[in-house]
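The values are calculated or read from the model by the stated rules, or taken from the named source; none is laboratory data. Owing to the predicted nature of the structure, the values given are computational and were not obtained by experimental measurement. Cβ sites come from the backbone with ideal geometry, for glycine too, and all protein chains shown count toward neighbours.
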Amino acid sequence: MGGEIKVLVVDDSAVVRQMLSAVLGREPGIRVIGTAPDPLFALERMRKEWPDVITLDVEMPRMDGVTFLKKIMAERPTPVVICSSLTQAGAETTMQALAAGAVSVIAKPTLGLKDFLRESSSDVVAAVRAAAASRVRNLAPRPAVRAAAENGGGAPAVHAMAKTTDSIVAIGTSTGGTQALEAVLTALPATAPGIVIVQHMPEKFTASFAERLNGLCEIDVFEAKDGQRVVPSRALIAPGGRHMLLKRSGAQYHVEVVDGPVVNRHRPSVDVLFRSVAKFAGGNALGVIMTGMGDDGARGLKEMHDAGARTIAQDEETCVVYGMPKEAVKLGAVDRILPLQHIAGAILK
């Protein structure tokens, strides 16, 4: 998207409205066209000038954020970044908002204004820029099409590391990824291989995301815990705010959940996961990189590819933001480029 990004900030907290307006207002190419304490005020403001991106609290008086979001998506689909509190109730409502078509989620500021401007402003700006570049039509809920195991698909890549009985699927995604992951995971049968996932998301939200998917999928979906086994019919999602790595002990795989510096501006980082999969799984692995802004995961997927793993990128047409897959393709890290609806079937091949 070219030109100026017009942003409307909707939050019942005057302090949060001030913080977000201050952060976004000082960025070149971004203009805050207004703020609103609830959705009804926001609708009045939007009749005068429609924003390119809306930052939206989900817990507000007069009309809750999810109801407002659904109204916007039905009338005039617009990129929405959810600004949610780090509470269990806030996280659960945020999952509803993401399922209804929100682009991404940022944590509501809990710091003082100066601390927030210094420590968290880059996350807010990145989320808004990613939202402005997104294809909102690709956020529409998709019916799950159950994938069936298929024979064939060619001989697997050969790697010096000995083959094990377990295969590993590693998935990395960011903006638009919650909907993409739901589309893929709900299409997998209980016989699916073990899956490890990095979805860029703030801490506290990944547990609710995993819990929601677990209720929708035939496979088990968990927020990963340090030392947890990676086994067939189980998907482990890296906790927000921590890196996740794959490790191997004999023929068994498990995850290691660790603190550490941000990598490619993210923690968890897709590159951190993919590099560990390249090292410990090699040709036993399949790497999948899906919708997201930036290039996190591209170099790690290339390491997986070079280690003998098969690799897939989501195609541009079905991505919300064709950033991470595009960078992986440019590096020569990708064997196959597939639309979202074909990825589950490819995982089972």
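Per-structure values
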quantity	calculated
Hits in the stretch 263-278 - residues which are crowded, with 23+ Cβ neighbours inside 10 Å, under 15 Å from the mean Cα position of the chain (by Cα) and of a type in the set (S, T, N, Q)	Ser269
Residue identified as touching a Pro at 6+ places or on another chain (Cβ under 7 Å), surrounded by 15 or more Cβ atoms within 10 Å (Cβ to Cβ) and either β-branched (Val, Ile, Thr) or modelled with pLDDT under 90 (or both) among Val10, Val23, Val32	Val10
Of the criteria (1) within 15 Å of the chain's Cα centre (by Cα); (2) modelled with pLDDT of 95 or more, which one Glu256 fails	(1)
Strands (runs of 3 or more DSSP E) lying entirely in the stretch 30-86 (those with 2 or more residues that are in contact (Cβ under 8 Å) with a residue 60 or more places away in the chain)	53-56, 80-84
Any helices (runs of 4 or more DSSP H) falling wholly within the stretch 244-349 and containing at least 2 residues that are in contact (Cβ under 8 Å) with a residue 60 or more places away in the chain and under 14 Å from Ala170 (Cβ atoms)	270-280, 298-306, 340-348
Filtered residues of the stretch 121-135 (kept if aliphatic (A, V, I, L, M) and within 17 Å of Val16 (Cβ to Cβ))	Val124, Val125, Ala127, Val128
In the stretch 324-344, the residues that are surrounded by 24 or more Cβ atoms within 10 Å (Cβ to Cβ) and within 19 Å of Ala130 (Cα to Cα)	Met324, Pro325, Ala328
Failed item in (1) more than 19 Å from Arg137 (Cβ to Cβ); (2) assigned to a loop (DSSP other than H, G, I, E, B), with Ala102 passing the rest	(1)
Some residue of the stretch 135-156 being loosely packed, with under 15 Cβ neighbours inside 10 Å, of a type in the set (Val, Ile, Thr) and either modelled with pLDDT under 95 or within 16 Å of the chain's Cα centre (by Cα) (or both)	yes
Number of positions in the stretch 208-243 that are surrounded by fewer than 18 Cβ atoms within 10 Å (Cβ to Cβ), of a type in the set (Gly, Ala, Ser) and in contact (Cβ under 8 Å) with a residue 60 or more places away in the chain	0
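Yes/no matrix, rows are residues, columns are (1) touching a strand residue (DSSP E or B) at 6+ places or on another chain (Cβ under 6 Å); (2) closer than 23 Å to Leu139 by Cα; (3) at pLDDT below 95:
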{"position": "Ala183", "(1), (2), (3)": "no, yes, no"}
{"position": "Leu188", "(1), (2), (3)": "no, yes, no"}
{"position": "His200", "(1), (2), (3)": "yes, yes, no"}
{"position": "Cys217", "(1), (2), (3)": "no, yes, no"}
{"position": "Val221", "(1), (2), (3)": "yes, yes, no"}
{"position": "Arg229", "(1), (2), (3)": "yes, no, no"}
{"position": "Pro232", "(1), (2), (3)": "yes, no, no"}
{"position": "Ala235", "(1), (2), (3)": "yes, yes, no"}
{"position": "Ser249", "(1), (2), (3)": "no, no, yes"}
